[in-house]
Amino acid sequence: MVLKVIDLFTNSHNMFPRINNDLEQDLPKYKAFFVGILLSLPLAAASEELGNAEKGQENFGKCASCHQIGKGATHRVGPHLNKIFGRRAGSEEDFKRYSKGLKRAGQEGLFWDFDTLDAFLENPKSLVSDTRMSFSGIKDPSDRADIIAYMRIFSDDPSNIPEAAPTAIAPEVSLSAETLAIVGDRDYGEYLSSECLTCHQTNGSDQGIPAITGWPEPDFVVAMHAYKEKVRNHPVMQMMAGRLSDEEIAALAAYFGELQ
Ligand code: HEC
Ligand code: HEC
């Protein structure tokens with residue numbers, strides 16, 4: 001029920017014709033309106049209960065390969081998640097890899113609060129169909145509530161938590177220092193990239209297949225090794241990565257990392 005309403009809200013261009021006018025000025029109003037719709041639904045009201053932030057910190061491990069949160073957190077594969085409560089979706093100016101879909105949802109009035117985060121974490125694509133967040137979702141509502149409670153700590157008044165270190169990026173596979181230190185040969189990467197481009201697009205478009213341009217190189221390298229070592233399950237990518245040497249992976253990371 002909540003999902004349906006959000007879908008309507010984010011996908012319908014005509015239902016709220018004024019939404020693009022005076023957007024900045026009217027933002028608080030739209031936010032109130034949006035939250036109002038959600039709260040008026042009996043189901044949504046029940047989900048206001050916040051979870052256990054300590055458990056949420058452990059479960060944030062599922063997010064930490066892509067997101068940082070806490071003091072000094074920076075954008076990685078995904079944007080940092082400080083002050084996510086009340087943030088308009090897709091609105092971090094210096095994060096360049098948002099999908100068009102998430103940005104549009106934000107422009108049309110999607111703000112992050114308990115209910116919208118809950119829906120997004122349950123199934124990112126059912127809230128924003130073309131989101132670039134490759135994450136299958138968390139089925140258990142209490143696991144979601146715990147993670148949301150943890151993120152909330154970094155939203156209220158982050159200056160109250162000066163000692164909180166950013167969550168360390170938890171790599172999916174641990175690679176040796178030598179592997180990570182390989183400096184990729186960009187031109188060789190360009191040469192190797194042709195077979196990747198039968199599926200992935202260089203313009204960053206992610207119709208069905210995730211965009212792989214503009215990633216920080218270490219994240220790209222870790223992702224490729226995660227397929228190679230079968231920590232990630234996609235058979236085609238396992239086969240692609242399995243054929244590549246460490247040098248070739250580094251070269252591809254250098255080439256794709258440079259593309260915007
Ligand atoms: C495989 C990488 C990956 C994982 C794992 C991941 N995310 Fe994301 N996340 C992204 C990317 C990329 C985006 C930007 C999506 C877009 O633009 O469509 C994003 C966007 C978001 C946003 C919206 C941010 C904004 O500025 O509007 C939230 C909130 C979020 N993620 C929370 C989480 C949480 C919580 C988890 C763990 C339960 C998680 N993500 C797991 C990659 C990931
Ligand atoms: C036959 C199509 C195909 C080819 C060819 C292909 N990929 Fe992929 N790639 C995919 C699909 C589909 C996924 C999403 C898999 C998943 O869900 O884990 C993916 C995922 C990825 C990811 C992780 C993206 C993310 O958001 O986490 C990277 C990095 C990647 N591919 C790099 C490459 C590179 C480098 C090559 C060339 C050596 C390549 N791919 C060739 C289809 C392809």
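Nothing in this text is a laboratory measurement; each read-out follows from the coordinates by a stated rule. Keep in mind that what you see is a predicted model, and the values were worked out from it rather than measured. Virtual Cβ from ideal backbone geometry, glycine too; neighbours counted across all protein chains shown.
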Problem set entry | Near pairs, Cβ below 7 angstrom, 6+ apart or cross-chain, from segment 186-200 (farther than 17 Å from residue 220 by Cα and of a type in the set (Gly, Ala, Ser)) to any residue that is near ligand 2 (Cβ under 9 Å from one of its atoms) and not in a helix (DSSP H, G or I) | none
Exercise. In segment 201-228, what residues are without any contact (Cβ under 8 Å) to a residue 24 or more places away in the chain, within 13 Å of ligand 1 (Cβ to nearest atom) and over 21 Å from residue 102 (Cβ atoms)?
Worked result: 227
Problem set entry | Conditions (1) in a loop (DSSP other than H, G, I, E, B); (2) free of Cβ contacts under 8 Å to residues at least 40 places away in the same chain; (3) not β-branched (Val, Ile, Thr): number failed by residue 78 | (2)
Exercise. If you go through segment 72-99 one residue at a time, how many are within 16 Å of ligand 2 (Cβ to nearest atom) and not polar (S, T, N, Q)?
Worked result: 9
For this session: Of all residues in segment 120-158, count the ones that are surrounded by fewer than 22 Cβ atoms within 10 Å (Cβ to Cβ), closer than 11 Å to residue 52 by Cα and of a type in the set (Phe, Trp, Tyr).
Result: 0
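Quick check, is residue 144 under 28 Å from residue 213 (Cβ atoms), of a type in the set (D, E, K, R) and near ligand 1 (Cβ under 10 Å from one of its atoms)?
For residue 144, the condition - under 28 Å from residue 213 (Cβ atoms), of a type in the set (D, E, K, R) and near ligand 1 (Cβ under 10 Å from one of its atoms) - is not met.
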Seminar exercise, completed: Exception for residue 203 within (1) out of contact with any helix residue (DSSP H, G or I) (no Cβ under 6 Å at 6 or more places or on another chain); (2) in a loop (DSSP other than H, G, I, E, B); (3) crowded, with 17+ Cβ neighbours inside 10 Å; (4) not basic (Lys, Arg) falls at (3)
